[in-house]
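Here the structure comes first, spelled out in structure tokens, and everything after it is commentary.
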Amino acid sequence: MTINKILVANRGEIALRVMRTAREMGIKTVAIFSEADRNALHVRYADEAVCVGPAPSSESYLRGDAIIEVCRRLGVDAIHPGYGFLSENANFARQVREAGLLFIGPSPESIEVMGSKLAAKAAVADYDIPMVPGTPSAITDRAEAKLISAKIGYPILIKASAGGGGKGMRVVESDADFDEQMDRAVSEAISSFGDGSVFIEKYVTSPRHVEIQVLGDQHGNIIHLFERECSVQRRHQKVVEEAPSAILTPEIREAMGQAAVGVARACNYYGAGTVEFIVDANLNFYFLEMNTRLQVEHPVTELITGVDLVEQMIYIAEGKPLTIKQEDLQIKGHAVEIRVYAEDPANNFLPDVGTLDTYVRPQGNGVRVDDGFEQGMAIPIYYDPMIAKLITYGDDRAAAIQKMIRAIDEYQISGVQTTLGFCRFVMNHDAFRSGQFDTGFVSKYFTADVLDTKPDAEETELAAVFAAYLLDKQAAKPSQTQTVGPARPKSQWRTKRLG
Ligand code: MV4
């Protein structure tokens, strides 16, 4: 079936990103929006746009029924769900299918299996996928669970089968702590997911998070598009992602790719998906879970492979066979992505929503900015406070990092606090630059006082001289632009030079 019109059931940068590819393919686009997003860029970009309800997501972006009704009314062929919201809702995918529409994503059955960690483990059991030692099913008998834990060896982890983002996850250091942590894990699992099923795994200390991008078509062809390294995260929120990983050897990369394809095959996967692994200090890797959506960090994969993942998703939904063969793919160059959040790194990353009084994007060779805002717009309190994804690409890792530092320095945002300075700190850190880091990077190295917001003396003087010059010429109003991190005499100077 040919898709002529796509509704994007999402907002912000990802809605725009999907619509751009649709437009390139000659496909008409429909945006949905909440009352808080009337003036959003994704609404302006789309060929048609429909308000689906009030600001809270539960009354707008999550209203599957209302969204399907819009499709009927406007003659939409297919829905792209983006990430978050309805993207991993098997019931929604099923309703879309029953309404005679295409869901640009995997089957409801694949979503369902991978939505449960225990079901996922069971599904891949016959596919020779490395997994962390642990219990293959939910714990029903505590005495037995303690015996198993002793056999595996403490520390162990109790995880919620329905879990995500670290919720319902508890480390148990010894037999004496078992009952207390078990009670906590179960009650957290029930309150967060309505499902108290938990299981045990050996706790892998200092792991790295490495995930493999896969694409499958509806004819059983599955390929992988190498890895993304996502170990720099804060409280399960990814901060920096890159491709390829600095630590994988070609052999391990090949083995992980094969394992990821096996996981996808195990659930008859089609569409774009991500298979998540943890990698221990000895480079052993273990399958953790599969995300059945397009991920936030997909651009780094696009940059190193040259593949437009959204375009592939659309072809796959149309029933076309994959035209990319595994042997056609190779890694070219290196890409780094940072997530720019409206959060205050100096204040425990508290969301700092407000108006983007200044908003000037970095530009130039090797710089990609995926965002959904313009200067003067307000960041709504109702949704994720991500302002933009800033992605840089270079011949090698060092070049991509240098380009990222340059791009961060050029990025001008005022009106809200952002994580830009924090990301600059990461880019400049020896552990990050050497590639020797794990998921403990942020808690190990970051404290608010490393965000040196005070300009050094020379820069202050330079700024003062330059400001005086501008005032003298009455060339500028005092700029409101605040610099992040080590402040530089940036705004006027650079605006003039680059302007
Ligand atoms: C683990 C682990 C260590 N050992 N499993 C956290 C979220 C979920 N996706 C899996 N997670 C982990 N599972 C075993 N057996 C450590 C983590 C973990 C983690 C994983 C990926 C990225 C960041 C993390 C931060 C803390 C813990």
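The values are calculated or read from the model by the stated rules, or taken from the named source; none is laboratory data. Every value quoted in this text rests on a predicted model; they were computed, and no experiment measured them. Heads up, the Cβs are rebuilt from the backbone with ideal geometry, glycines too, and the neighbour counts pull from every protein chain shown.
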Regarding segment 20-33, can at least one residue be identified that is more than 24 Å from the chain's Cα centre (by Cα) and free of Cβ contacts under 8 Å to residues at least 40 places away in the same chain? yes
Would a scan of segment 455-465 turn up a residue that is more than 16 Å from the ligand (Cβ to nearest atom), in a loop (DSSP other than H, G, I, E, B), modelled with pLDDT of 95 or more and exposed (fewer than 14 other Cβ atoms within 10 Å of the Cβ)? no
Filter pass, GLU254 being more than 10 Å from the ligand (Cβ to nearest atom) and either surrounded by 21 or more Cβ atoms within 10 Å (Cβ to Cβ) or in a strand (DSSP E or B) (or both): no
Selection status of ILE32, crowded, with 23+ Cβ neighbours inside 10 Å and under 21 Å from HIS298 (Cβ atoms): no
Which numbered condition trips up ILE156, out of (1) more than 16 Å from the ligand (Cβ to nearest atom); (2) more than 26 Å from GLY273 (Cα to Cα)? (1)
Only helices (runs of 4 or more DSSP H) wholly contained in segment 37-106 count here; list those with 3 or more residues that are touching a residue at least 60 places away in the same chain (Cβ under 8 Å) and more than 23 Å from the chain's Cα centre (by Cα). 64-74
Quick one: is ALA22 more than 16 Å from GLU318 (Cα to Cα) and of a type in the set (A, V, I, L, M)? no
Every residue from segment 263-283 that is more than 23 Å from the chain's Cα centre (by Cα) and farther than 20 Å from ASP438 by Cβ: ARG265, ALA266, ASN268
With respect to ALA31, determine if the residue is in contact with an Asp or Glu (Cβ under 9 Å, 6 or more places away or on another chain), in a loop (DSSP other than H, G, I, E, B) and at pLDDT 95 or above. no
Among the residues of segment 274-292, is there at least one that is within 23 Å of MET386 (Cβ to Cβ) and either in contact with a Cys (Cβ under 7 Å, 6 or more places away or on another chain) or among the aromatic types (Phe, Trp, Tyr) (or both)? no
Considering only segment 19-49, how many residues are farther than 12 Å from GLY372 by Cα and either touching a Pro at 6+ places or on another chain (Cβ under 7 Å) or β-branched (Val, Ile, Thr) (or both)? 8
If a residue must be closer than 23 Å to ALA388 by Cβ and out of contact with any His (no Cβ under 8 Å at 6 or more places or on another chain), how many such residues does segment 1-21 contain? 5
Subset of segment 199-222 (residues that are in a strand (DSSP E or B) and either without any contact (Cβ under 8 Å) to a residue 40 or more places away in the chain or within 16 Å of the ligand (Cβ to nearest atom) (or both)): PHE199, ILE200, GLU201, LYS202, ARG208, HIS209, VAL210, GLU211, ILE212
List every residue pair whose Cβ atoms lie under 6 Å apart, where the two residues are 6 or more positions apart in sequence or sit on different chains, the first residue falls within segment 390-416 and is at positive phi, and the second residue, located anywhere, is buried (at least 18 other Cβ atoms within 10 Å of the Cβ). GLY415/LEU356
Quick check on segment 139-170: of everything there that is surrounded by fewer than 14 Cβ atoms within 10 Å (Cβ to Cβ) and in contact (Cβ under 8 Å) with a residue 12 or more places away in the chain, which residue is nearest to the chain's Cα centre (by Cα)? GLY165
Quick check, is VAL307 closer than 26 Å to LYS389 by Cβ and either crowded, with 22+ Cβ neighbours inside 10 Å or within 16 Å of the ligand (Cβ to nearest atom) (or both)? no
Members of segment 111-149 that are assigned to a loop (DSSP other than H, G, I, E, B), out of contact with any Lys or Arg (no Cβ under 7 Å at 6 or more places or on another chain) and not small (Gly, Ala, Ser): ASP128, ILE129, PRO130, THR135, ILE139, THR140, ASP141
From GLU98, GLU173, residue being at pLDDT 95 or above and either within 16 Å of the ligand (Cβ to nearest atom) or aromatic (Phe, Trp, Tyr) (or both): GLU173
